[in-house]
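Colleague: Shown below is the structure under consideration.
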Amino acid sequence: MARAFTPKVITANDLLDGDVIYFTADNRWTRDLSEADLITDQEQAPLRLIEAQKDNLIIVGAYLADAAAGETGPEPTHFREEFRRTGPSNYFHGKQAEASDNV
């Protein structure tokens, strides 16, 4: 029996700086998961992924990641995606350094 479809977001890495990025409903890329397009239609998911992969001069490694609707937008449902969203865990740099500056 096939597994039931769960909502998805499209994620990739920025080709030039490696940051994790997300595909939005208006076909642009953002570093903010809350702005990502939460895809709830199983038939639309592969079509949206094909659309995102056309940006191969901007992104690398696009794929569909499980997500759930949260209070401020999509939220990851797997620890891997939470890791990717928050950035490297070995020391503060990139997104983590910016977050610590605001504390």
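The values are calculated or read from the model by the stated rules, or taken from the named source; none is laboratory data. What you see is a predicted model, and the numbers here were worked out from it, not measured in a lab. Cβ coordinates were reconstructed from backbone atoms using ideal geometry, including for glycine residues, and neighbour counts include every protein chain displayed. Keep in mind that these areas ignore ligands, DNA and RNA; they rest on the heavy atoms of the full protein, side chains included. Shrake-Rupley method; radii C 1.70, N 1.55, O 1.52, S 1.80 Å.
Colleague: Checking R85 against (1) under 14 Å from the mean Cα position of the chain (by Cα); (2) without any contact (Cβ under 8 Å) to a residue 12 or more places away in the chain, which test does it fail?
Modeller: (2)
Colleague: Continuing with this model, one more query. Among (1) assigned to a helix (DSSP H, G or I); (2) among the small types (G, A, S); (3) surrounded by 15 or more Cβ atoms within 10 Å (Cβ to Cβ), which single condition is S34 missing?
Modeller: Result: S34 fails condition (3) only.
Colleague: Give me the residue from region 46-82 that is more than 14 Å from the chain's Cα centre (by Cα) and farther than 14 Å from Y22 by Cβ and, out of that set, modelled with the lowest pLDDT.
Modeller: Only one residue fits best here, namely N56.
Colleague: OK, next. Can you tell me which residue within region 5-28, out of those that are among the β-branched types (V, I, T) and either open to solvent by 50 Å² or more (accessible area, probe 1.4 Å) or in contact with a Ser or Thr (Cβ under 8 Å, 6 or more places away or on another chain) (or both), is nearest to R48 (Cα to Cα)?
Modeller: Of everything passing the filter in region 5-28, T24 is nearest to R48 (Cα to Cα).
Colleague: Now for a different question. So the check is Cβ under 6 Å with 6+ separation or different chains; which pairs have a first residue in region 20-48 that's within 13 Å of P74 (Cβ to Cβ) and a second one that's of a type in the set (V, I, T) and part of a loop (DSSP other than H, G, I, E, B)?
Modeller: T30/T24; S34/T72; E35/T24; D37/T24
Colleague: Considering only residues that are hydrophobic (A, V, I, L, M, F, W, C) and open to solvent by 90 Å² or more (accessible area, probe 1.4 Å), which ones fall in region 39-80?
Modeller: Selection gives L47, I50, L57, F79.
Colleague: Further question: Out of the residues in region 1-19 that are in a loop (DSSP other than H, G, I, E, B) and closer than 14 Å to P76 by Cα, which is farthest from the chain's Cα centre (by Cα)?
Modeller: T6
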